Amino acid sequence: MSPDRGDRPVSGDRNGRVPPGNRDRDRGRGGGNGARVTVTSPWTEAAQRARPPRRRVDELADQTDVGDVLIRSLIRAQLGLALRVLAVLVVLLGGLPLAFAVAPGLGALEVGGVGLPWLLLGLASFPLLLTLGIVYVRHAERNERDFSELVER
């Protein structure tokens, strides 16, 4: 309140000038419904109780600790899948030269005039790679689908 203006609140600048939109409200002539509004800090207990629980999608978008854990779980699942597929590839394709070294007679076999090592490493490896690729993509998509369902719950 200002002593020189009576009971009228002061809401203008330091020279007492009031913006045009505030003049009627400051003089008590309308401009609002007169209802009181309670302003609380978002950190108070009442505000936190009133706040709806965060969705996991929001956790991901806001890059919170929970979102970070969710992303790390997806990355861990995808990495585990990739390592398992790689292990199968190494055992099957990497095992062929080892088998030929352990059993030299196996490497001397010919099928249709072509050596068995050339047939297995040159021709049979491609269907194996294609099969492993299909298996990897299907399981990776399943991991992503499971992740999406977890986040959207």
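Each reported figure results from applying straightforward, stated rules to the coordinates on display, with no laboratory input. Not measured: the values here are computed from a predicted model. Cβ atoms come from the backbone with ideal geometry, glycine included; neighbour counts cover every protein chain shown.
About its Cα centre, the dipole of the range 56-152 is roughly 560 debye, where the only charges are +1 on Lys and Arg Cβ and -1 on Asp and Glu Cβ.
Largest first and in whole Å, the equivalent-ellipsoid semi-axes of the range 56-152 read 44, 13, 7, each the square root of five times a Cα gyration tensor eigenvalue. Placing unit charges on the Cβ atoms of the charged side chains and taking the dipole of the range 56-152 about its Cα centre, the candidate lying farthest along the positive direction among V102, L130, S148 is V102.
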